[in-house]
Amino acid sequence: MDPLSAFELAQVVLDNTVRLFKFVSALVEYPEECEKHRLQLIIEYNRVLAWAKAAGLIEVAPGSSLVSTLGTNATELITILARIQWLLAEFRDLNARYGNELVPSGISPAKEKEKDSKENKDVKGNSKDVKGSGKDSKDPKGASGASSSKEKSTSAEPKPATDQALLSQISSLALSYDQSQKEQKLKIEVEEEAEHRRGTNHIRRFFRTTKDVVTHPSRVRWVMVDKEAFEALLLDLHSLTERLHELMRGYQQSKMDDIIGKTYREMILARDGIGELRDMVDVLGKMMEGMGVVTDGEGLVGRKKKMVNDVQDLVRLKKMARVSEELLSRLHLGQDPATSGLEASDTEITVVQFGDPEKGKKDLGLSFEPQDVGHNPYDAPSYVDIIHYNRPHGYLFVDPGVEVPVWIEWKPMGNHAEGSIEEKVADLRTLTLAEMLHLPKPDSLHVPECIGYLDARDDFGADMYGFIFKAGKGVKWLADEIVSLYNLLGNEMLKPSLSQRVDLALKLCTTVLNLHSVNWLHKGIFSDNVIFYFHSFDWDTEPEKRKQPVYDPGKPLLCGFGYSRPENSKTTARSLDTAWDLYRWPAIQREHPTDQNSRKTYDLYSLGLVLLEIGHWKPLDEILCLKKLEPSSNGDDAFVPSYAHTLPERKPPSVSLQDSKNARGWLLGTEFSAPLFKGKELSPLRELRNLMGDRYSRAVERCLWAHGEKGFGVEDLPDQSRDSGVGIRLQEAFTKYVIEELQGVNV
């Protein structure tokens, strides 16, 4: 077969396959027991589209051929696509035999018949070539459908969804494919008589005889009750899409994995119902079961299983957020959350609650390590002291003789009357946040693992909550400690290489991307909330044998979740620390984070400032020339002798509110009154380009603009999570203009 003809034929078969996918997945009024099957069908739909995009069948490069693109047998490829198309056509026709309407509303039977007659003249005799492609034109139910549709409809029936709305429920990949097909159709109409296309014109005309119903499936109602047929279809489809994926190689395989991962995140964003999310968890679980036991985690199947497992973890996170909102709404209405009607699996709490055993909580067995300079490392501080420490660390006794290294992050609980609705709401929010921090997460979501939380009133006599986080593998207090990025900045001895700084920035970006994919806003991103486990030295080692203190810049953890809540929930009241306002969106500085004044784009602005610091390896107030730093700690005095083995803590920024609000304008060049301009310094973004390159600089600038064309193409409105379309558009832009830019940095 001629390579060019094979490539074009593959495009045609793919197009018809996608039309049938769209038709079957968008049927309305599915039986409840089949909704999971529809979700699995949509997943297979997106897997085919991801394969097609990675293979170059959607955005076609000049001179492309299947051999050059995939290095595989073109005949096998087309056979697989045709088989998928045949399966879907069989399924569609089976459903049609139960009496469905197959003619789009707004198209009269007469016009439909006239159109069929005209097109069939061009393809006479070809209707037997590809099963399912031309059967609709002879279907009597399709010819009489307009009247039957009217008989079944009522005035109260909702208006059919548009194609755009239907495709947006599937993924932006489905939308982009639809758009590319429209563009190609216009191009084909102009070039159809070109000589090199002469051999495939009849095929193109033949496939156009497929009914328009395949592009307008919202008018078709599901009446089929053969659940087994649906399950058999899905089983066959999955095996065929698996074979398509096996045909990929090297770069295309990696590209396809990225496309599928992005599409999965969009599917999560587009689903808000607890039942929908529960179904998605179940469907992904079945997909993993079908992959069997994987011994080689780096192999093709191992990578796929890990991807599906990661997506399942994200779906669980979003489901817990939605459960939290449902229970909170009942509390606000004065109703008992226990009567919510949710399934037991939805409200299951696995994180440990420490506190007063008489209140049904687990007794806290915790010993702490010294925190302050000059304190003997073998004298444990008292509980009274611990409440004042920033991220105190110690050992949690889980079983006799078994202790786990942990650290605590404090969260004020607010001034609520005991037993009040407000107190119950604060308790529930804290519980569900702890559970979300405890649930399994993808490796690309770099946050600490919460193993429990405590009510400090029980053990410490303070109105605080404490999230207890498990320390990293191999951490031993006295030899190790927690150090924030903010305290590392400016220390040339501990400055990562250029490639390490790009990798650090990318990991923070993927973390925020994952949080936002489940509509979880952080609301407190700044460099003091990025931490590392820092190995100083073993105190039992002789001084002359102690090694240089080290940390791994490739293992950051984003913490500081005291502000954090999913966007549709109000943030628990807390004392506002204005010292870090320099990192917050200018319009909300000096305000408590709430649902009304928080946005995903505000998180991305704060993230951009942290990326700026990483590139310069300086704290933000120094970059902006707003404050002279204390004496540098680049020499031996960086590590204080005696019993203190911590890096000297840098004081939080001390910046006026006006300077803090002007920072964004100074960085973007819309304000020129900054101290850095008075000293005739280079613009921080221009200097960043010299330090880190164009791609890194462009990514940071996008984050700082945040909104509009120079940002991420969305407006400064509170619909960035409530409207899944806006959320998907924002996620797509952030992936393109930040994640992919950083991935493309060549060092």
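Here, each number is a calculation from the coordinates, and none is a lab measurement. Just so we're clear, the structure is a prediction, and the values are computed from it rather than from any experiment. Neighbour counts are summed over all protein chains in view; Cβ atoms, including those assigned to glycine, are modelled from backbone coordinates with ideal geometry.
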Using label points projected 7 Å from each Cα along Cα→Cβ, tell me how many nm separate Lys555 and Arg303, to one decimal. 2.5
Separation in nanometres of the label points that stand 7 Å from Cα toward Cβ, at Asp458 and Lys424: 2.0
Gap separating the Cα centres of the stretch 405-420 and the stretch 437-509, nearest whole Å: 19
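Could you compute the FRET efficiency for Thr75 and Arg722, with r as their C-beta to C-beta distance and R0 at 56 Å, rounded to 0.05?
Numbers: r = 49 Å, r/R0 = 0.87.
E(calc), rounded to 0.05, equals 0.70.
How high is the FRET efficiency from Asn690 to Lys710, r the C-beta distance, R0 22 Å, rounded to 0.05?
Values: r = 21 Å, r/R0 = 0.96.
In this case the efficiency is close to 0.55.
Sort Glu409, Glu231 so that the residue with the fewest other Cβ atoms within 10 Å of its own Cβ comes first and the one with the most comes last. Could the numbers behind the result be given before it?
Working: Glu409 22, Glu231 13.
Listed from fewest to most nearby Cβ atoms, that is Glu231, Glu409.
Of the listed pairs Lys441/Lys470; Lys304/Lys600; Lys476/Lys523; Lys319/Lys424; Lys53/Lys305, which have alpha-carbon separations greater than 24 Å here?
Details: Lys441/Lys470 14 Å; Lys304/Lys600 29 Å; Lys476/Lys523 31 Å; Lys319/Lys424 21 Å; Lys53/Lys305 21 Å.
Over 24 Å Cα-Cα: Lys304/Lys600; Lys476/Lys523.
Any chance you could run the full-extension gain for Leu682 through Lys618? It's 0.36 nm times the residue separation minus the Cα-Cα distance, nm to one decimal.
Details: separation 64, 0.36 × 64 = 23.04 nm, distance 1.48 nm.
Length gained between Leu682 and Lys618: 21.6 nm.
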Test of the criteria: in the stretch 649-722, which trypsin sites (Lys or Arg not before Pro) are in a DSSP loop and have at most 11 other Cβ atoms within 10 angstrom of their Cβ? Lys680
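Once you list every other residue whose beta carbon is under 13 Å from the beta carbon of Asp346, what net charge do they have if Lys and Arg are +1 and Asp and Glu are -1? Could the numbers behind the result be given before it?
On the way: positive: Arg278, Arg316, Lys318, Lys319, Arg322; negative: Glu276, Asp279, Asp282, Glu325, Glu326, Glu343, Glu348, Glu435.
Cβ neighbours under 13 Å give a net charge of -3.
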For Cys450, Cys703, Cys34, which order do you get if you count the other beta carbons within 10 Å of each Cβ and list the fewest first? Cys34, Cys450, Cys703
What order do you get for Ser254, Ser340, Ser721, Ser598 when you list them from fewest to most C-beta neighbours inside 10 Å? Ser254, Ser340, Ser721, Ser598
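Using 1/(1 + (r/R0)^6) with R0 = 45 angstrom and r between the beta carbons of Glu32 and Ala733, what's the FRET efficiency to the nearest 0.05? Please list the in-between numbers first.
Details: r = 36 Å, r/R0 = 0.80.
Efficiency computed from Cβ-Cβ geometry: 0.80.
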Normalised Cα Rg of the stretch 271-343, dividing by 2.2 N^0.38 Å with N its residue count, works out at 1.45
